[in-house]
Amino acid sequence: MRTPEGFFGQNLLFKMTISYNWLSEYLPAAPAGGLEKVQPERLSQILTSIGLEVEAVEHYESHQGGLKGLVVGEVLTCEKHPNADKLKLTTVNTGASEPLKIVCGHPMLPWGKSNSSACWRHHLPA
């Protein structure tokens, strides 16, 4: 009887991708006031030291670029833009030393409430 290729006598390489968050569910919890969770790079060293080779640690972002450049602030003022019909000039308090001046196209901007904005050269994912 002939054996299927790849079962016996061949050096096969199998790769797996495992989520750090999923793997963390199986790690012991840090005691109160103790050390924090094991960091991904340290965990890869531990796994390799017990014979489970880690080829690479890849950082995953559900939104490319993360949410860098995103600010949340309170809308202080909202005025009609002088050169556009559908835009508004707003002042937003983000906790910085001075309020930000932001051009906005939202038709019903919530005054006095928290709102998110993407800063210069940043965009929010669709």
Within region 65-107, residues over 16 Å from Trp120 (Cα atoms) and of a type in the set (Ser, Thr, Tyr) come out as Thr77, Ser97
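Run down Gly73, Gly95 and say which single residue is under 29 Å from Ser62 (Cα atoms), among the small types (Gly, Ala, Ser), surrounded by 13 or more Cβ atoms within 10 Å (Cβ to Cβ) and modelled with pLDDT under 90.
Values: Gly95 fails: surrounded by 13 or more Cβ atoms within 10 Å (Cβ to Cβ).
Gly73 is the lone residue from the list that is under 29 Å from Ser62 (Cα atoms), among the small types (Gly, Ala, Ser), surrounded by 13 or more Cβ atoms within 10 Å (Cβ to Cβ) and modelled with pLDDT under 90.
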The correct count of residues that are in contact with a His (Cβ under 7 Å, 6 or more places away or on another chain) and assigned to a loop (DSSP other than H, G, I, E, B) in region 70-126 is 2
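The values are calculated or read from the model by the stated rules, or taken from the named source; none is laboratory data. The shown structure was predicted, so the numbers you read here are calculated from the model rather than taken from an experiment. Reconstructed Cβ throughout: ideal geometry from the backbone, glycine too, with neighbour counts over all protein chains shown.
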